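**Student:** Please find one structure pasted underneath; my questions will follow.
The values are calculated or read from the model by the stated rules, or taken from the named source; none is laboratory data. All values reported here derive from a predicted model rather than from experimental measurement. Every residue, glycine among them, receives a Cβ derived from its backbone with ideal geometry; neighbour counts consider all protein chains shown. To get the accessible areas, we keep the full protein, side chains included, count just its heavy atoms, and leave off ligands, DNA and RNA. Shrake-Rupley method; radii C 1.70, N 1.55, O 1.52, S 1.80 Å.
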Amino acid sequence: MNENALLSIVTPVYNGERFVQSAYECLYRQTYRNWEWVVVDDGSTDHTVARMHHLQEQDSRIRFFQQPNSGSAKQPRDHAVYESKGCFIIPFDIDDLLSDDYLELMLCRQQETGADIVYPKMIFTDLNTGKTTQTLPVAGFDTKKIYVSRDLVRETAPEWNIGCNGGIYKREVWINMSYPERKEPIWMNSDEVDERLYLLHAQTAAFAEAHYYYRNHEQSISTKVTPKLFHTQKTCLQLLDITEEAFGKSSEEYRRMHRKAFYDWRCKMKLFITHYDQLAYAQGELHHSLQNCFQRLDPRLLTTRERLQFINLCHFGLLFALFCLKYNPKLLVQKIIQRCCPEAYITKIIKPRSEQTMYQQMADSYTQGQSLSHYEPYAISIFCGNVASGGLVDRLRGAVSTYMACQTCERKFKLHFTYPFKLSDYLIPSEYDWQIAPDDIAFNKSQSAIIVSNTLLDSPKERLEQKLYLQTELHKNKDKQVHVYTNAAFCYNHDFARVFRQLFKPAPRLQEHLDAIRSQIGSPYMTVSARFCNKLDDFNEEVYCEPLMSQERDQLISNCLCQLKKLIGNYPCLRLVICSDSTRFIKEAQRHFNIFTIPGTISHIGNDDIHDYNYYEKTFLDFFTISQAERVFLLKGPYMMQSGFPYAAALAGGVPFEIIHF
């Protein structure tokens, strides 16, 4: 064996602090010593970075890099490959383990066979019990044989039965497939797509007796019912495209892969309908995705029984109704109400459901809370992490609305905003002292009354209903603390700017930075906001958004740039300041125009649990910069998200606001 061969072990990591040490120890024990461990952190919010830096100081073979969160493992893994130096690549996940002779056996087998790719024996284990749940490759594969790699693609259509973690790859095989960057979005289980492409770019493949231990645990995305779980159907369609290109649409391989896509679609339909309440916030995207997948299916490639069972795949709406009748009849009633009376559906079904979810989220904090020997019957607007509370504007408008209701009812108002940061780090009391010590809050059911009011429509009717509801509850519970959890927006109807300034002013540190930014901008300016969420595949926000295809992203950016050009022409005396959640859009705008954008980290409160002043400061800088502009605009094109952020900032500053629809 050539002991001079450098093996590059590449690992993406996101919030993997609990696994960092065990992963390193299994590498440290390897009988083959000439390796480097290239780790790329994908925007972790725990102590992963600190632990990796500590290990890096101990072992010079560790090379550690960081990048903003990409929302997938593929991008940081490819980043690690790009930074690596070895002639062989071995992907290794942070929560998995290797046998002590793993690297030695893998390299020996590669040099013995000359194969472009060598796969290990992959053993699936349960992290809690240690029991083996599955072993790959499955029976039927001759692990002594050297395969033509294209034949393995044939034999793994449709099921991937040989394991795709921990293989050893000639560097050129990986690089040729992964670079330049692929145009398709990266979905869950995209490693199955990549693996077929690696094999199609390689010549030969083999198997080794080295053991790779894949550990299933409660943090694995595959164990949770989330929108990302539905990415597998996108992966199925990508595999269908690969199979068609490699073997043709009339091939047996394509027929088998098509049936896999069909059964995955059927499984996801059942999952979507059965767990609808858990997935309700992503229902639009998921319903559209299921419908698009359905339209790709060809009934001619299915059995007669499958065609009869699913009515020849002729009508998605009818099939959806049949699935509802079988798995969730209540949902069918809701969908009928949604179609016939959308407003009633939101106010009578979605709103109570969301408020009940909030009650459940905060239940523990009140069940376990201790009674106070003395408490003041304040009305307290609370954002302390015991319930999902939305973004900065959602919270601020809820607090201001509660304060206005307190003024009407002659109740003392307090604000408890401590999560994921203390609001007082950025905003301090102006004319009214809203601060309260945590020990003065009665987090127990005997001394407090809980009010939950969630804004969904933000219609005049809903604003009035929320205002009357808060006032009624404040009157009803005069002897108790009233804990208000709301993002109510009725404050927008009643001199919001005056009341906002009465409550808040920038803290000294924030004000200093605001003054510096105002000086940098110089001349009078206008602001343009653009919210893409994850449509441009560069901001992993909690709002569920699948990224657009590459051409659609380019077209959307081009359309936005056209709108910027028109604004510059209409207001030549105003400098253009851009506030957006997309770094790609900002960079493109900087290439074409003389714009200003506030430096700092793009974040969304509620999406991250980072407790760091600098991480969230840009959000406040953006808000007050918008509030001091001459004019405020919001771009709203196809696929772009509505944003209340610039609207609230413009109201706070008394600045004209306009939405540019295109």
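**Student:** Considering only region 221-235, I want to know if a residue exists there that is over 27 Å from Val13 (Cβ atoms), outside any loop (DSSP other than H, G, I, E, B) and open to solvent by 30 Å² or more (accessible area, probe 1.4 Å).
**Tutor:** Checked region 221-235: no residue is over 27 Å from Val13 (Cβ atoms), outside any loop (DSSP other than H, G, I, E, B) and open to solvent by 30 Å² or more (accessible area, probe 1.4 Å).
**Student:** Then there is this: So, Pro76, is that one out of contact with any helix residue (DSSP H, G or I) (no Cβ under 7 Å at 6 or more places or on another chain), under 19 Å from Ile175 (Cβ atoms) and modelled with pLDDT of 90 or more or not?
**Tutor:** yes
**Student:** A further question follows. Would you mention how many residues in region 153-172 are closer than 23 Å to Leu103 by Cα and open to solvent by less than 10 Å² (accessible area, probe 1.4 Å)?
**Tutor:** 6
**Student:** Which condition breaks for Arg109 when tested against (1) at pLDDT below 95; (2) closer than 24 Å to Tyr32 by Cβ?
**Tutor:** Condition not satisfied by Arg109: (1).
Conditions tested, residue by residue: (1) more than 27 Å from the chain's Cα centre (by Cα); (2) among the β-branched types (Val, Ile, Thr).
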{"residue": "Arg266", "(1), (2)": "no, no"}
{"residue": "Gly284", "(1), (2)": "no, no"}
{"residue": "Thr304", "(1), (2)": "yes, yes"}
{"residue": "Cys340", "(1), (2)": "yes, no"}
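**Student:** Quick check on my filter: what residues within region 362-390 are part of a helix (DSSP H, G or I), open to solvent by less than 30 Å² (accessible area, probe 1.4 Å) and either modelled with pLDDT under 90 or in contact with a strand residue (DSSP E or B) (Cβ under 6 Å, 6 or more places away or on another chain) (or both)? Lay out the reasoning, then the answer.
**Tutor:** Keep residues of region 362-390 that are part of a helix (DSSP H, G or I), which gives 362-367.
Those left that are additionally open to solvent by less than 30 Å² (accessible area, probe 1.4 Å): 362, 366.
Listed by number, the list holds a single entry, Met362.
**Student:** Do we find that Glu181 is open to solvent by less than 50 Å² (accessible area, probe 1.4 Å), outside any strand (DSSP E or B), modelled with pLDDT under 85 and of a type outside the set (Phe, Trp, Tyr) in this structure?
**Tutor:** Values: open to solvent by less than 50 Å² (accessible area, probe 1.4 Å): no; outside any strand (DSSP E or B): yes; modelled with pLDDT under 85: yes; of a type outside the set (Phe, Trp, Tyr): yes.
So Glu181 fails the test.
**Student:** In addition: Check off (1) surrounded by 18 or more Cβ atoms within 10 Å (Cβ to Cβ); (2) closer than 19 Å to Asp394 by Cα; (3) not aromatic (Phe, Trp, Tyr) for Leu464 and give me the number that stays unchecked.
**Tutor:** (1)
**Student:** List pairs: first residue in region 620-633 and within 20 Å of Leu427 (Cα to Cα), second residue assigned to a loop (DSSP other than H, G, I, E, B) anywhere in the structure, Cβ distance under 6 angstrom, at least six positions apart or on different chains.
**Tutor:** Phe620/Tyr426; Leu621/Ile598; Asp622/Ile598; Ala629/Val655
**Student:** Right, something else. With over 28 Å from the mean Cα position of the chain (by Cα) and free of Cβ contacts under 8 Å to residues at least 40 places away in the same chain as the only criterion, which of Ser60, Ser44 stands out?
**Tutor:** Working: Ser44 fails: over 28 Å from the mean Cα position of the chain (by Cα).
The conditions single out Ser60.
**Student:** Next question, about the same structure. Of the residues that sit in region 16-57 and are touching a helix residue (DSSP H, G or I) at 6+ places or on another chain (Cβ under 6 Å) and open to solvent by 30 Å² or more (accessible area, probe 1.4 Å), which one is farthest from Glu104 (Cα to Cα)?
**Tutor:** It comes out as Asp46.
**Student:** Quickly run through region 261-281 and pick out the residues that are out of contact with any Lys or Arg (no Cβ under 8 Å at 6 or more places or on another chain) and modelled with pLDDT under 90.
**Tutor:** Taking region 261-281 and keeping what is out of contact with any Lys or Arg (no Cβ under 8 Å at 6 or more places or on another chain), we get 262-276, 278-279, 281.
Tyr276, Gln278, Leu279, Tyr281, listed by residue number.
**Student:** Would a scan of region 302-310 turn up a residue that is open to solvent by 20 Å² or more (accessible area, probe 1.4 Å), part of a helix (DSSP H, G or I) and either under 30 Å from Leu548 (Cβ atoms) or in contact (Cβ under 8 Å) with a residue 12 or more places away in the chain (or both)? First the steps, then the outcome.
**Tutor:** Residues of region 302-310 open to solvent by 20 Å² or more (accessible area, probe 1.4 Å): 303-305, 307-309.
Narrowing further to those that are part of a helix (DSSP H, G or I): 304-305, 307-309.
Retained after the next criterion (residues that are either under 30 Å from Leu548 (Cβ atoms) or in contact (Cβ under 8 Å) with a residue 12 or more places away in the chain (or both)): none.
Checking region 302-310: not a single residue is open to solvent by 20 Å² or more (accessible area, probe 1.4 Å), part of a helix (DSSP H, G or I) and either under 30 Å from Leu548 (Cβ atoms) or in contact (Cβ under 8 Å) with a residue 12 or more places away in the chain (or both).
Conditions (1) out of contact with any Lys or Arg (no Cβ under 9 Å at 6 or more places or on another chain); (2) farther than 22 Å from Cys533 by Cα, marked per residue:
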| position | (1), (2) |
| --- | --- |
| Asp581 | no, no |
| Phe585 | yes, no |
| Phe596 | no, no |
| Tyr613 | no, yes |
| Asp622 | yes, no |
| Glu630 | yes, yes |
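**Student:** For region 286-299, state whether one or more residues are in a helix (DSSP H, G or I) and more than 19 Å from Gln233 (Cα to Cα).
**Tutor:** Within region 286-299, the first condition is being in a helix (DSSP H, G or I), and the residues that meet it are 286-296, 299.
Now restrict to residues that are more than 19 Å from Gln233 (Cα to Cα): none.
No, the conditions are met nowhere in region 286-299.
**Student:** Which residues, counting only those in region 504-558, are among the β-branched types (Val, Ile, Thr) and assigned to a helix (DSSP H, G or I)? Show your work before the answer.
**Tutor:** The first filter runs over region 504-558 and keeps only residues among the β-branched types (Val, Ile, Thr), leaving 517, 521, 527-528, 543, 557.
Once the filter is applied, which keeps residues that are among the β-branched types (Val, Ile, Thr) and assigned to a helix (DSSP H, G or I), region 504-558 yields Ile517, Ile521, Ile557.
One line per residue, one yes/no per condition, for (1) open to solvent by 10 Å² or more (accessible area, probe 1.4 Å); (2) of a type in the set (Lys, Arg); (3) farther than 17 Å from Val393 by Cα; (4) in contact (Cβ under 8 Å) with a residue 60 or more places away in the chain:
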site	(1), (2), (3), (4)
Pro438	yes, no, yes, no
Ser453	no, no, no, yes
Phe490	no, no, no, yes
Asn493	yes, no, no, no
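Every residue, every condition in (1) in contact with a strand residue (DSSP E or B) (Cβ under 7 Å, 6 or more places away or on another chain); (2) among the polar types (S, T, N, Q); (3) more than 12 Å from Ile89 (Cβ to Cβ); (4) at pLDDT below 95, yes or no:
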{"residue": "Ile9", "(1), (2), (3), (4)": "yes, no, no, no"}
{"residue": "Tyr14", "(1), (2), (3), (4)": "yes, no, yes, yes"}
{"residue": "Arg18", "(1), (2), (3), (4)": "no, no, yes, yes"}
{"residue": "Tyr24", "(1), (2), (3), (4)": "no, no, yes, no"}
{"residue": "Val38", "(1), (2), (3), (4)": "yes, no, no, no"}
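**Student:** Strands (runs of 3 or more DSSP E) wholly in region 67-143 with at least 1 residues that are among the polar types (S, T, N, Q), open to solvent by less than 50 Å² (accessible area, probe 1.4 Å) and in contact with a strand residue (DSSP E or B) (Cβ under 7 Å, 6 or more places away or on another chain) - which ones?
**Tutor:** Numbers: elements: 88-91, 117-126, 132-136.
Filter on region 67-143 gives 117-126.
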